[in-house]
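What follows is one structure encoded as structure tokens, with my remarks underneath.
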Number of protein chains: 2
Amino acid sequence: MIYQEGESSNLFLTVLEGWALRFAMTRDGRRQVLSFLLGGDHVALDSLSFDRMTFSVQAITDCTICAVDRTTINRLVGSSPSALERLEGRHRFLGIGSQQHIISLGRRSAAGRIAQLFLEMKLRLAARGFKDESRLPFPIRQRDIADAYGLTPVHVNRVLRSFRAEGVAELARGTLSIIDGKRLSAIAGLKELDQDITRYGVNLSRFEYQQ
Amino acid sequence: MIYQEGESSNLFLTVLEGWALRFAMTRDGRRQVLSFLLGGDHVALDSLSFDRMTFSVQAITDCTICAVDRTTINRLVGSSPSALERLEGRHRFLGIGSQQHIISLGRRSAAGRIAQLFLEMKLRLAARGFKDESRLPFPIRQRDIADAYGLTPVHVNRVLRSFRAEGVAELARGTLSIIDGKRLSAIAGLKELDQDITRYGVNLSRFEYQQ
DNA sequence: CGGTTGGTTGATATTATTCAATGGTCGTGG
DNA sequence: CCACGACCATTGAATAATATCAACCAACCG
């Protein structure tokens, strides 16, 4: 557990290596995964101005986390207009991510949501150097996918089985193979524009990571 | 139609009066409502740094909109640290709004989603001076609710009918009556913390509006 | 080994959708 | 003033999507 909802902290966190997820709990104890975090992703921009978040963060695999005091970052942002510009860009990127998540939850079928997740991850992983679509690292459990997309682990399993049976994609023992990207894209029902924007956001993220 | 997805614009828009909604279209022509906008709400912070948004904005009732050139706002933010602070606060507020929306879509039943919408609107309207819970202005159509919460207009209608039959809330001819707020809250299944945060965000919004 | 965690499967129940039709309200033009 | 069309809201019956419950399996780890 990297951060607990409501906990006070002055640290600005960034995942350097490994996989993590951001989530919230409902009163009745169910979990809603808000986003998945990969190497280079900031845990939360909120922490630049606030010391308590409204969500928790948990590691999926072993992680190395970079923690910087938030005043240090704020000094940088306050003094450099280009840093402010980049910060705004980052906010926008996160906003687009939530927007895609809302569209998935609101208007896509279970299969469409999982297809969209695979395609998003393909892009994010490609930006991190994993180009081979038939062997992508994917340590996210079926339970996590279910909690991210408002489904049951059982139903996620059935969709994955159907992907396997139809020769669309295969997820097993922590590695994802995208077999028929075109079909996957059709199942997700993405507009071209969305694809571009996602890629743009990913590249932006990568850019800041390298600095 | 106030703004169309992809359109180029240098204006920073704020709703002064009336109701509007932010939405995206899927490739197959369905609509996902991303949020509802009331008087005092900014249409998008994105427009401070980018001239093309990834969503459209449409009026629900007649609206009066405040449009400011974005360079004007940016000069203000760049020159005043407190303005930057407020901008961050606003970003956070929007983020919490999306987060609640994701939780609704992912983990609440149809009745829970609509109950949550009613409670959220109760707070936002109270911050704007509408204190009488039995007579809240509510021009949002059943179709809009359906598109916001991933439901069918038909199903929204059935949930509303059940609310009416159970004496929980009544929505008719553009006015909402909250009859049993406690029951409504139980149906929504809100954590106390979430209530506080929503209220905080609303007050923040109101604060900036008055300036 | 044995325990734990995550994945798989089948039968059944619930929730929400789809399709199709009816009714109500409001503005508008004849 | 009436008739018409447009746009919502409402309702019923049939169907599809997803959840629930209850097992069982397989891999991994100490």
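Scanning the stretch A:15-53 for residues being of a type outside the set (A, V, I, L, M, F, W, C), touching a residue at least 60 places away in the same chain (Cβ under 8 Å) and more than 30 Å from residue B:112 (Cα to Cα) gives a total of 3.
For every residue, the table says whether it meets (1) among the polar types (S, T, N, Q); (2) buried (at least 20 other Cβ atoms within 10 Å of the Cβ).
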| residue | (1), (2) |
| --- | --- |
| B:8 | yes, no |
| B:58 | yes, no |
| B:68 | no, no |
| B:94 | no, yes |
| B:110 | no, no |
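Apart from one condition, residue A:37 fits all of (1) surrounded by 15 or more Cβ atoms within 10 Å (Cβ to Cβ); (2) closer than 18 Å to residue A:147 by Cβ; (3) within 13 Å of another protein chain (Cβ to nearest Cβ); the exception is (3). Return yes when residue B:23 is of a type in the set (Phe, Trp, Tyr), touching a helix residue (DSSP H, G or I) at 6+ places or on another chain (Cβ under 9 Å) and under 22 Å from residue B:129 (Cβ atoms) and no when it is not. Here the answer is no, as residue B:23 does not meet what is asked. Selection within the stretch B:163-176: residues that are more than 10 Å from residue B:118 (Cβ to Cβ) and within 21 Å of the chain's Cα centre (by Cα). The member of this set that is surrounded by the fewest Cβ atoms within 10 Å (Cβ to Cβ) is B:173. In the stretch A:71-102, which residues are of a type in the set (Lys, Arg) and either away from chain B (no Cβ under 11 Å) or out of contact with any Phe, Trp or Tyr (no Cβ under 8 Å at 6 or more places or on another chain) (or both)? Listed by number, the residues that qualify are A:75, A:86, A:90. Of all the numbered requirements in (1) crowded, with 19+ Cβ neighbours inside 10 Å; (2) modelled with pLDDT of 95 or more, residue B:157 misses one, and that requirement is (1). Of the residues making up the stretch B:137-150, those that are surrounded by fewer than 21 Cβ atoms within 10 Å (Cβ to Cβ) and either of a type in the set (Lys, Arg) or touching a helix residue (DSSP H, G or I) at 6+ places or on another chain (Cβ under 6 Å) (or both) number 3. Against the test of being touching a residue at least 24 places away in the same chain (Cβ under 8 Å), β-branched (Val, Ile, Thr) and outside any helix (DSSP H, G or I), the options A:140, A:114, A:187, A:145 yield a single qualifying residue, A:140.
Tallying residues that are over 19 Å from residue A:100 (Cβ atoms), among the acidic types (Asp, Glu) and touching a strand residue (DSSP E or B) at 6+ places or on another chain (Cβ under 6 Å) within the stretch A:1-50 yields 2. Considering the stretch A:104-156, the residues that are of a type in the set (Asp, Glu) and within 12 Å of DNA strand C (Cβ to nearest atom) include one that is nearest to residue B:106 (Cα to Cα), namely A:147.
Answer yes or no: is there a residue in the stretch B:163-173 that is within 14 Å of another protein chain (Cβ to nearest Cβ), assigned to a helix (DSSP H, G or I), under 30 Å from residue A:108 (Cβ atoms) and modelled with pLDDT of 90 or more. Within the stretch B:163-173, not a single residue is within 14 Å of another protein chain (Cβ to nearest Cβ), assigned to a helix (DSSP H, G or I), under 30 Å from residue A:108 (Cβ atoms) and modelled with pLDDT of 90 or more.
The values are calculated or read from the model by the stated rules, or taken from the named source; none is laboratory data. This structure is a prediction, so every number in the text was calculated from the model and none was measured. When we count neighbours, we look across all protein chains shown, and the Cβ atoms used for this are built from the backbone with ideal geometry, even at glycine.
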